[in-house]
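Structure record follows, encoded as structure tokens.
The values are calculated or read from the model by the stated rules, or taken from the named source; none is laboratory data. Being a predicted model, the structure only gives us computed values, none of them experimental. Neighbour counts run over all protein chains shown; Cβ positions are idealised from the backbone, glycine included.
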């Protein structure tokens, strides 16, 4: 094998190792960040109640809170997120009630949905109440709000 061929094979091996390392690091970082969001949703979902705290009964929050009542086919909004890009109202998550019920019934209550706005996705956590009839839904946007 000529020197040129050996160099090309060596460069090919180095390139393949670098591509593999880059993909591995990207996937690991992505999984870590998704786990952080899921942990945050879990902490918020565990002890939220009716909105309140301010003089007008409203609490500032970047989270969407919703409820699926027994027999309901849609998610009833309890509190909208206050944080939107450029101070605008953020798009709302497009949560399917049957998917949220299924997620709450399994051991993996977190899932990702789209929204009623372009390019915005939400990470959602659905949990059943003690009786298992009512489903509470907490969601946060994947898109970071822009600062003015």
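What number goes with the only condition from (1) modelled with pLDDT of 80 or more; (2) assigned to a loop (DSSP other than H, G, I, E, B) that residue 57 does not pass?
Residue 57 satisfies all of (1) modelled with pLDDT of 80 or more; (2) assigned to a loop (DSSP other than H, G, I, E, B) except (1).
Criterion first (in a helix (DSSP H, G or I), at pLDDT below 85, closer than 20 Å to residue 123 by Cβ and within 17 Å of the chain's Cα centre (by Cα)) does residue 83 satisfy it?
no
Among all residue pairs at least 6 apart or on different chains, which show Cβ distances below 9 Å where the first residue, located in the range 60-84, is on the phi > 0 side of the Ramachandran plot and exposed (fewer than 13 other Cβ atoms within 10 Å of the Cβ) and the second is in a strand (DSSP E or B) and modelled with pLDDT under 85?
Close Cβ pairs (under 9 Å, with a partner that is in a strand (DSSP E or B) and modelled with pLDDT under 85) do not exist here.
Regarding residue 124, is this residue modelled with pLDDT of 90 or more, outside any helix (DSSP H, G or I), touching a strand residue (DSSP E or B) at 6+ places or on another chain (Cβ under 9 Å) and surrounded by 15 or more Cβ atoms within 10 Å (Cβ to Cβ)?
Taking the combined requirement at face value, the residue satisfies it.
Please go through the range 127-144 and pick out each residue that is surrounded by fewer than 15 Cβ atoms within 10 Å (Cβ to Cβ) and out of contact with any strand residue (DSSP E or B) (no Cβ under 8 Å at 6 or more places or on another chain).
Passing the criteria: 130, 131, 132, 133, 144.
Determine whether the range 89-97 contains at least one residue that is over 15 Å from the mean Cα position of the chain (by Cα), surrounded by 10 or more Cβ atoms within 10 Å (Cβ to Cβ), modelled with pLDDT of 90 or more and within 30 Å of residue 133 (Cβ to Cβ).
The answer is yes; a qualifying residue exists.
Determine which single condition residue 12 fails, assuming it passes every other condition in (1) farther than 17 Å from residue 136 by Cβ; (2) more than 17 Å from the chain's Cα centre (by Cα); (3) loosely packed, with under 13 Cβ neighbours inside 10 Å; (4) modelled with pLDDT under 90.
(4)
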